[in-house]
């Protein structure tokens, strides 16, 4: 397994897809977690992370809903960036990220916006499985809600705060 990136952030602000898209992505995440030995987690696009404990801002963003086109499955070398669907670049999303990072005293994610499908390490056979599983992913997400999550510690201990 790949090491968890130090300082991953204690709190993160996530954009969450509408219900049917969330359910579709959750099935993919659960399948890969079960078949490849990783943790389960809720589908999301990280808006900003490393949010200070005392910072507060409004979660009802007027820019939502926001359409996000997804690219094909990709693989990275980091625990939290092992298997993901990239979100196609959008000026709306970039501006929203910057505003939220400023308002919440957080930092922009180290990677461009994406929807993770697996956390951990995948060998070549598991990557092939992930490619096949990811074919069932929606081509577009409608991001409808913003959520604040406690993301320090093991993935299984993460919890929604707001």
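Give the angle, between 0 and 90 degrees and rounded to the nearest 10, that separates the Cα long axis of helix 19-36 from the longest principal axis of the Cα atoms of the chain.
Taking the Cα atoms of the chain, the angle to 19-36 is about 50 degrees.
Roughly how large, in nm² to one decimal, is the mean projection of the convex hull of the alpha-carbon atoms in the chain? Can you show the working numbers first?
Values: hull surface 33.7 nm².
Mean shadow area of the hull around the Cα atoms is 8.4 nm².
Could you work out the relative contact order of segment 11-160? I mean the mean sequence separation of Cα pairs under 8 Å and 6+ apart, divided by the number of residues, in percent.
Values: 294 pairs, mean separation 59.1, N = 150.
That works out to 39 percent.
May I have the extent of the alpha carbons of segment 48-132 along their three principal axes, as whole Å values ordered from largest to smallest?
43, 28, 16
Report the label-to-label distance for residue 94 and residue 63 in nanometres (one decimal), using points 7 Å from each Cα along the Cα→Cβ vector.
My value for the distance between the label points is 1.2 nm.
Report, in deg cm²/dmol and to the nearest 500, the calculated mean residue ellipticity at 222 nm for the chain, where each DSSP H run with n ≥ 4 adds -39500 (n - 2.57) and the sum is divided by the residue count. The partial results should precede the final answer.
On the way: 3 runs with 42 residues, N = 162.
Rounded to the nearest 500, it is -8500 deg cm²/dmol.
Does anyone have the angle between helix 124-134 and the longest principal axis of the chain? Alpha-carbon axes, 0 to 90°, nearest 10?
60
Each value in this text was obtained by applying a stated rule to the coordinates, not by laboratory testing. These figures come from a predicted structure and were not determined experimentally. For neighbour counting, all protein chains shown are included, and Cβ atoms are generated from backbone atoms with ideal geometry for every residue, glycine included.
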